[in-house]
Amino acid sequence: MVLGFSIALIVFSLLMMLLVLMHKGKGGGLSDMFGGGMQSSVGGSSVAERNLDRITIVVGLLWFACIIVLAMLMKSNS
């Protein structure tokens with residue numbers, strides 16, 4: 001059980017790094033490489049950027065939950 005959650009934590013960590021790097025910062029970022037560098041004339045964020053935000057939040061919550069479950073499993077094993 002601990003091994004499964006450890007593997008899931010590694011996968012979620014790598015996915016979080018990728019998602020955070022894809023976000024557009026003040027000076028741009030890796031999202032510029034994938035076509036996210038175009039400025040919207042509406043003034044709001046584009047649909048792709050909002051979806052990226054949502055996906056990042058969900059993966060972040062799963063990452064956090066995985067850490068909590070791993071901590072509880074390791075505490076109960078010792």
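The values are calculated or read from the model by the stated rules, or taken from the named source; none is laboratory data. Bear in mind the structure is a predicted one, so any value in this text is a computation, not a measurement. All Cβ positions, glycine included, derive from the backbone under ideal geometry; neighbour counts span all protein chains shown. Surface accessibility is based on the protein's heavy atoms, side chains included, excluding ligands, DNA and RNA. Shrake-Rupley method; radii C 1.70, N 1.55, O 1.52, S 1.80 Å.
Some observations on this one:
- Boolean, Val42 is more than 18 Å from Ile7 (Cβ to Cβ), at pLDDT below 90 and open to solvent by 70 Å² or more (accessible area, probe 1.4 Å): yes
- A search for C-beta distances below 7 Å between a residue of the range 50-71 that is over 16 Å from Met17 (Cβ atoms) and part of a helix (DSSP H, G or I) and any residue that is of a type outside the set (Asp, Glu) and open to solvent by 50 Å² or more (accessible area, probe 1.4 Å), counting only pairs 6+ apart in sequence or on different chains, returns Val69/Phe5; Leu70/Phe5.
- Taking the criterion of being modelled with pLDDT of 95 or more and open to solvent by 80 Å² or more (accessible area, probe 1.4 Å), the residues of the range 55-74 that qualify are Ile55, Ile57, Val58, Leu61, Leu62, Trp63, Phe64, Met72.
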